[in-house]
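Here, each number is a calculation from the coordinates, and none is a lab measurement. Everything numeric here is computed off the predicted structure, so don't read it as measured data. As a convention, Cβ positions derive from the backbone with ideal geometry for all residues, glycine included, and neighbour counts pool all protein chains shown.
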Amino acid sequence: MGEKILMKGNEAIGEAAISAGCRCFFGYPITPQSELPAFLAKKMPLVGGVFLQAESEIAAINMVYGAASAGVRVMTSSSSPGISLKQEGISYIAGAELPVLICNVQRAGPGLGTIQPSQSDYFQAVKGGGHGDYRLIVLSPSSVQEVIDLIRLGFDLADKYKTPAMFLAEGMLGQLMEPVDLGDYKPNIPDKPWALTGCKGREKNIVTSLWIDPEELERHNLELQKKYAKIKENEQRWEEFKFDDEAEYLIVAHGTMARIAKSAVIKAREEGIKTGLIRPISLWPYPEKAFANLKNIKKILVVEMSMGQMVEDVRLSVNGRVPVEFFGRAGGMFPTVNQILGKLREIK
Amino acid sequence: MEKIFGMPKSLTAKPFSFCAGCTHGIIHRLVAEVIDELGIKESAIGVGSVGCSVFSYEFFDVDMASASHGRAPAVATGIKRARPNNIVFTYQGDGDLAAIGTAEIVHAAARSEKITVIFVNNAIYGMTGGQMAPTTVLGQKTETTPYGRTVENQGYPVKMSEMLSALDGSNFIERVTVVTPAYVNKAKAAIKKAFQYQIEGKGFNLVEVLSTCPSCWGMPPLKAMDWLKENMLPVFPLGVYKDNGNK
């Protein structure tokens with residue numbers, strides 16, 4: 001265990017990325033993740049890395065495509081409207097099977113919305129925001145320590161599976177300051193014989209998402225699906241809190257929302273409502289294994305900073321075994337402990 | 001017998017998929033010859049685009065990426081910044097570079113990206129069947145300007161070499177064509193210069209090549225070459241628009 005240092009969420013993203021061997025960052029300014037590019041603009045030159053402010057989100061994601069093609073660890077970061085602009089590029093990255101990490105420090109939509117935190121990009125992140133049959137590995141942190149851990153994991157998984165990963169946080173985590181332990185992590189960067197490095201001593205390499213022959217494209221899609229099935233089997237992650245033999249009610253919440261939900265679980269227990277919590281950490285693959293044993297559970301309450309998106313994946317995982325209720329706030333507002341308690345009392 | 005002429009090493013054996021009489025084939029060959037002659041085949045990384053040039057990754061025998069529509073300069077930027085010792089080039093048409101990709105090409109030039117851009121201007125969208133391009137000349141009939149391009153409806157053709165040469169970040173910009181053997185030789189010299197500058201660490205370098213599209217212009221190849229001379233050269237004058245190395 002190393003010494004703990006105090007760090008802001010947005011800076012922790014940058015610190016973790018550099019420790020993971022990320023040496024290229026391309027981005028475009030947007031609130032509320034501005035501290036991250038500012039941090040990397042200072043740090044990247046000191047480690048021999050590249051920081052480049054692009055002319056648009058679209059250019060930034062395509063620069064990411066280029067750098068990933070060239071075989072380096074690369075990241076971009078933005079917030080909701082900017083992530084919408086990147087979707088075409090993300091689809092190409094998934095099609096070309098390039099390992100990249102995309103950070104979305106979410107704000108509330110739709111449209112220009114507001115700069116306050118939100119979880120309303122869930123569908124876009126886990127269901128595929130761009131065109132075509134593809135998936136992103138999506139990781140949802142709930143503390144600054146977990147920012148460090150999941151940024152590193154995101155890079156490692158992206159490289160392991162040759163697929164884009166998304167770090168999906170809410171605006172408030174970017175601003176939150178907490179003690180973190182950087183530990184003694186060593187990045188796991190595999191050889192990339194497929195990368196574009198110049199064809200010296202080998203046949204040429206091609207990075208493309210174009211398969212003009214429908215039979216070839218179907219084969220490519222089937223290969224992608226095989227890879228996604230492997231990820232679904234191996235990479236489900238979640239945390240349980242008081243989900244014990246006594247628990248009769250279950251709250252499901254992710255990211256910073258889960259911190260509020262944890263307080264609600266403690267309060268509920270104090271007033272005799274035996275409640276537990278599942279906090280999905282991987283949003284895709286969705287941790288459906290967490291819902292394997294629901295035999296004592298009477299009802300599930302899903303709480304989100306949205307009008308109800310993750311609740312659909314809970315319903316799919318539960319598959320009708322237990323009634324699933326929902327409570328959410330939108331527009332940058334978040335459900336309070338008292339509101340969650342009120343909803344628990346109502347459904348009890 | 002000594003073999004004195006053959007396929008450039010930097011072209012694959014795959015037959016071109018271009019229509020008969022299209023000058024893309026000549027331009028591909030010139031780029032490949034230049035890569036061979038400069039001895040950069042093993043360090044070159046090309047970026048293809050969307051349009052008739054979309055299969056360029058199959059024809060150039062060097063490492064290749066394919067970019068989404070218009071974004072080749074951004075992809076090339078990512079590659080060059082990640083691997084500054086490689087020689088990075090894009091091969092883009094006029095729909096790709098001068099319409100949907102305007103922001104990417106302008107800012108790659110403004111940043112003095114140390115890349116080489118081969119910009120093929122045939123005044124039309126060929127791959128999608130002959131729609132108006134940003135470079136379609138006034139009066140030119142296309143699928144989407146059936147009565148001819150007019151100032152009132154579609155405005156003026158975009159002159160990219162003139163625009164980009166006005167940016168401080170551009171290093172070398174030349175407009176050439178390939179419709180006569182003499183022009184082909186000049187085009188090759190320009191392409192060579194645009195790569196040579198990158199080897200010397202200088203950017204941004206672009207060669208605009210006026211090219212024919214007999215299929216979508218609706219005329220035989222030889223007539224297309226005459227049409228280019230009569231209708232495109234007055235709008236897109238040939239010449240060196242920027243050469244910082246000759247200052």
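How many angstrom separate the Cα center of the stretch A:274-342 from the Cα center of the stretch A:108-175? Computed from Cα coordinates, the inter-centre distance equals 18 Å.
For the stretch B:24-246, averaging the sequence separation of C-alpha pairs within contact (under 8 Å, six or more residues apart) and dividing by the residue count gives a relative contact order of 19 percent.
Among the trypsin sites (Lys or Arg not before Pro) in the stretch B:1-52, those located in a DSSP loop and surrounded by at most 13 other Cβ atoms within 10 Å of their own Cβ are B:Lys3, B:Lys9. If R0 is taken as 22 Å, the Cβ-Cβ distance between A:Lys267 and A:Ala292 corresponds to a FRET efficiency of 0.20. Using label points projected 7 Å from each Cα along Cα→Cβ, tell me how many nm separate A:Glu3 and B:Thr128, to one decimal. Between A:Glu3 and B:Thr128, the simple spin-label model gives 6.0 nm.
Each label was represented as a point 7 Å from its Cα along the Cα-to-Cβ direction; for B:Met219 and A:Arg202 these points are 4.8 nm apart.
With a 10 Å cut-off around each Cβ of A:205-214, the average count of Cβ atoms from other chains is 5. Across peptide B:81-90, the average count of Cβ atoms from other chains found within 10 Å of a residue's Cβ is 5. By the rule of a C-alpha distance below 23 Å, with chain neighbours fewer than 8 residues away ignored, the lysines paired with B:Lys141 are B:Lys159, B:Lys223, B:Lys229.
Beyond a 27 Å Cα-Cα separation, which of these cross-linked pairs lie in this structure: B:Lys14/B:Lys188; A:Lys230/A:Lys348; A:Lys127/A:Lys267; B:Lys80/B:Lys188?
Values: B:Lys14/B:Lys188 22 Å; A:Lys230/A:Lys348 38 Å; A:Lys127/A:Lys267 34 Å; B:Lys80/B:Lys188 23 Å.
Long pairs (Cα-Cα over 27 Å): A:Lys230/A:Lys348; A:Lys127/A:Lys267.
Over all other residues within a Cβ to Cβ distance under 15 Å of B:Pro234, the charged ones net out to +1, with Lys and Arg as +1 and Asp and Glu as -1.
Note on chain B: dipole from Cβ charges, positive end direction compared against B:Met1, B:Gly46, B:Asn153; the farthest Cα belongs to B:Met1.
For the residue pairs A:Lys204/A:Lys226; B:Lys41/B:Lys186; A:Lys160/A:Lys192, the alpha carbons lie more than 18 Å apart in A:Lys204/A:Lys226; B:Lys41/B:Lys186. Taking a straight line from the alpha carbon of A:Lys295, these aspartates and glutamates sit under 18 Å away, with near neighbours fewer than eight places off in the same chain left out: A:Glu240, A:Asp244, A:Asp245, A:Glu246, A:Glu248, A:Glu325. Would you please state which residues of the stretch A:97-125 a label at A:Gln339 would reach in this model, taking the label point 7 Å out along Cα→Cβ and a backbone N cut-off of under 19 Å? Residues passing the 19 Å test: A:106-110, A:113-123. Annotation: the antiparallel percentage among DSSP beta bridges lying fully within the protein assembly as shown is about 25.
Within the shell of other residues whose beta carbon sits under 12 angstrom from the beta carbon of A:Leu210, the net charge comes to -3, with Lys and Arg scored +1 and Asp and Glu -1. Selection among A:Leu176, A:Gly128, A:Gly198 by position relative to the dipole of the stretch A:4-234 gives A:Gly198 as farthest towards the positive end (Cβ unit charges, Cα centre). Between A:Arg259 and A:Gln53, what FRET efficiency comes out of the Förster formula 1/(1 + (r/R0)^6) with R0 = 41 Å and r the beta carbon distance, rounded to 0.05? So the FRET efficiency works out to roughly 0.80. Shielding of peptide A:72-80 by partners, expressed as the average count of other chain Cβ atoms within 10 Å per residue Cβ, is 1. With the simple spin-label model, which puts each label point 7 Å out from Cα in the Cβ direction, the A:Leu112 to B:Asp36 separation comes to 5.7 nm. For the peptides A:124-132, B:45-53, B:227-235, the ranking by mean Cβ contacts within 10 Å, running from highest to lowest, is B:45-53, A:124-132, B:227-235.
Classify the stretch B:151-247 from the C-alpha gyration tensor, please: rounded if a/c falls under 1.5, else prolate or oblate depending on whether a/b exceeds b/c. Oblate. Highest mean first, the peptides B:181-188, B:133-140 sorted by other C-beta atoms within 10 Å per residue fall in the order B:133-140, B:181-188.
The trypsin sites (Lys or Arg not before Pro) found in the stretch A:168-267 that occupy coil by DSSP, while having at most 15 further C-beta atoms within 10 Å, are A:Lys200, A:Arg202.
Amide H contacts under 5 Å for B:Gln131: B:Tyr125, B:Glu143, restricted to partners 5 or more places along the chain or on a different chain, H placed in the peptide plane at 1.01 Å from N.
Taking only the Cα atoms of the stretch A:4-234, how large is their convex hull per residue, in Å³?
Convex hull of Cα atoms, per residue: 128 Å³.
Determine the percent antiparallel among the DSSP beta bridges restricted to the stretch B:24-246, to the nearest 5. Working shown, then result.
Numbers: 7 of 32 bridges.
Of all bridge pairs located within the stretch B:24-246, approximately 20 percent are antiparallel.
Peptides B:207-214, A:282-289, B:194-201 ranked from most to least packed give B:207-214, A:282-289, B:194-201, packing being the mean of other C-beta atoms within 10 angstrom over each peptide's residues.
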